[in-house]
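Colleague: First, the structure itself, so that you have it in front of you.
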Amino acid sequence: MDYERSADHRAPKALKIIIGGGFGVGKTTAVGAISEISPLTTEAEMTALSIGVDDAGFEPGKVTTTVAMDFGRVTIDEGLKLYLFGTPGQHRFGFMWSDLTLGALGAVVVVDSRRLEDSHAAVDYFEHAGLPLVVAVNAFDGRLAHDLSEIRWALAVADDVPVVAFDARVRGSVRDTLLTLLDRALLVAYRAAS
Amino acid sequence: MTGPPGMDDAGSQRIRPFLGGTDPAAVRPWSPAGPLTGPTALRPYVMTGGRVQAADPSIGIETQVTPRRDRLVPPLPAEQAAIVALCTEPISVAEISARLGLHLGVTRILVGDLRAAGLVHVHTQDATLSHSPEIILRVMRGLRAIS
């Protein structure tokens, strides 16, 4: 079985980027804009913490639930594929996504500037998970309800986390957002190596 | 969480409401052995003989599966036969799950079983591969080629 591992240069490799954010912010649109296949849907079982505002200060309740996850694929070269997984954006649940985030290059949190609070949970989760992170504000109709510095302040993201505006419908815009994330991932990788 | 905030609500949105709820200790690996609730959670595991713990944690959702052309495929249960039939070229566990309408957790278990039976190659890789500058640069080159 050893030769099946990545040490074998002939073995097909696959990497993933997680696309997070609240419900309806444009995650699947972004995946579909850059994927070479129509986004597919898979059902996964996850442990969810109910961490709504109502429960603050109490031991969070845990439930196992089945959630739908949309994903797409980009062939990088002959031996390497990139998968983009849109994580579910239920409002009142914080999913424990360790199974999905293990081995991920990083995460893009898609934000609707009119509904910033929907993205708090995702920003929070990926920061805690220690994944390279980019906050991508989906500019519906080319407009933002707040400017980027206001959004950075409202979401309280760390200074070194890029906050960019993008259009989830446009392939080049999604590509550039992923490249911003990979720039960040590269910096983290070099820092870890030195 | 009530309705969407307007500009003048921005001040009250400063503190992330979830900060108190997710201390690092709460971010634990998801375990398929967690309590199953309700018939919808139980039903998929009929296909795996009721096993919920057999999934190899190294088999990720993106892990590539390829055929073993040196093996004759014996008669298999329908779902496993369908997986083998899909693996004519490298395909991810997630794609197998989506194309066959199989629960992701079930797919991971069945793919592990097929590997144990010597019927497919499962190309697991180290989770640290994503920390390699070389591989990150390779992904960047591939993305830049997209117009």
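The values are calculated or read from the model by the stated rules, or taken from the named source; none is laboratory data. Values in this document were obtained by computation on a predicted structure and should not be read as measured data. Cβ coordinates were reconstructed from backbone atoms using ideal geometry, including for glycine residues, and neighbour counts include every protein chain displayed. Please note that ligands, DNA and RNA were not included when accessible areas were found on the heavy atoms of the full protein model with its side chains. Shrake-Rupley method; radii C 1.70, N 1.55, O 1.52, S 1.80 Å.
Colleague: Exactly one of these conditions fails for residue B:95: (1) out of contact with any Ser or Thr (no Cβ under 7 Å at 6 or more places or on another chain); (2) within 22 Å of residue A:37 (Cα to Cα); (3) more than 9 Å from chain A (Cβ to nearest Cβ). Give me its number.
Modeller: Just one mismatch for residue B:95, condition (3).
Colleague: Shifting gears a bit: Considering only the stretch B:118-147, state which residues are of a type in the set (A, V, I, L, M) and either without any contact (Cβ under 8 Å) to a residue 40 or more places away in the chain or at the interface with another protein chain (Cβ under 7 Å from one of its Cβ atoms) (or both).
Modeller: From the stretch B:118-147, those of a type in the set (A, V, I, L, M) are B:119-120, B:122, B:127, B:129, B:135-137, B:139-140, B:143, B:145-146; that's our starting set.
Selection gives B:122, B:127, B:129, B:135, B:136, B:137, B:139, B:140, B:143, B:145, B:146.
Colleague: Quick check, is residue A:79 modelled with pLDDT of 70 or more and either aliphatic (A, V, I, L, M) or surrounded by fewer than 17 Cβ atoms within 10 Å (Cβ to Cβ) (or both)?
Modeller: Numbers: modelled with pLDDT of 70 or more: yes; either aliphatic (A, V, I, L, M) or surrounded by fewer than 17 Cβ atoms within 10 Å (Cβ to Cβ) (or both): yes.
So residue A:79 fits the description; yes.
Colleague: Here's something else I'd like to know. Looking at B:141, B:115, which one is closer than 30 Å to residue A:177 by Cα, in a helix (DSSP H, G or I) and open to solvent by 10 Å² or more (accessible area, probe 1.4 Å)?
Modeller: B:141
Colleague: Taking the stretch A:49-76 as the search range and keeping residues that are at pLDDT 65 or above and either acidic (Asp, Glu) or under 22 Å from residue A:178 (Cβ atoms) (or both), which one is surrounded by the fewest Cβ atoms within 10 Å (Cβ to Cβ)?
Modeller: Checked the stretch A:49-76; the qualifying residue surrounded by the fewest Cβ atoms within 10 Å (Cβ to Cβ) is A:75.
Colleague: Further question: Would you point out which residue out of B:107, B:88, B:66 is of a type in the set (Val, Ile, Thr), under 30 Å from residue A:175 (Cβ atoms), within 10 Å of another protein chain (Cβ to nearest Cβ) and open to solvent by 10 Å² or more (accessible area, probe 1.4 Å)? Steps first, please.
Modeller: Numbers: B:107 fails: open to solvent by 10 Å² or more (accessible area, probe 1.4 Å); B:88 fails: within 10 Å of another protein chain (Cβ to nearest Cβ).
So the residue among B:107, B:88, B:66 that is of a type in the set (Val, Ile, Thr), under 30 Å from residue A:175 (Cβ atoms), within 10 Å of another protein chain (Cβ to nearest Cβ) and open to solvent by 10 Å² or more (accessible area, probe 1.4 Å) is B:66.
Colleague: Go over the candidates A:140, A:126 one by one and state the one that is of a type in the set (Phe, Trp, Tyr) and crowded, with 23+ Cβ neighbours inside 10 Å.
Modeller: Being of a type in the set (Phe, Trp, Tyr) and crowded, with 23+ Cβ neighbours inside 10 Å holds for just one of A:140, A:126, which is A:126.
Colleague: State the number of residues belonging to the stretch B:92-112 that are farther than 21 Å from residue A:102 by Cα and not in a helix (DSSP H, G or I). Lay out the reasoning, then the answer.
Modeller: Step one: of the stretch B:92-112, the residues farther than 21 Å from residue A:102 by Cα are B:99-102.
From the residues that got through so far, the ones that are not in a helix (DSSP H, G or I) too are B:101-102.
The number of residues fulfilling the criteria is 2.
Colleague: Considering only the stretch A:89-101, state which residues are under 17 Å from the mean Cα position of the chain (by Cα) and either crowded, with 22+ Cβ neighbours inside 10 Å or at pLDDT below 70 (or both).
Modeller: The answer is A:89, A:90, A:91, A:93, A:94, A:95, A:96, A:97, A:99, A:100, A:101.
For every residue, the table says whether it meets (1) touching a residue at least 24 places away in the same chain (Cβ under 8 Å); (2) farther than 17 Å from residue A:123 by Cα.
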residue	(1), (2)
A:148	no, no
A:154	yes, no
A:161	yes, no
A:165	yes, no
A:177	yes, no
A:180	yes, no
A:190	no, yes
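Colleague: Considering each residue of the stretch A:119-134, count those that are more than 9 Å from chain B (Cβ to nearest Cβ) and either touching a Ser or Thr at 6+ places or on another chain (Cβ under 7 Å) or at positive phi (or both), and give that number.
Modeller: Within the stretch A:119-134, residues that are more than 9 Å from chain B (Cβ to nearest Cβ) and either touching a Ser or Thr at 6+ places or on another chain (Cβ under 7 Å) or at positive phi (or both) number 3.
Colleague: Does the stretch A:166-182 contain any residue that is assigned to a loop (DSSP other than H, G, I, E, B), open to solvent by 10 Å² or more (accessible area, probe 1.4 Å) and within 9 Å of chain B (Cβ to nearest Cβ)? Don't jump to the end; show me each part of the working.
Modeller: Filtering the stretch A:166-182 down to residues assigned to a loop (DSSP other than H, G, I, E, B) leaves A:167-170.
Checking which are open to solvent by 10 Å² or more (accessible area, probe 1.4 Å) leaves us with A:167, A:169-170.
Still in the list and also within 9 Å of chain B (Cβ to nearest Cβ): none.
Checked against the condition, which is being assigned to a loop (DSSP other than H, G, I, E, B), open to solvent by 10 Å² or more (accessible area, probe 1.4 Å) and within 9 Å of chain B (Cβ to nearest Cβ), the stretch A:166-182 yields no hits at all.
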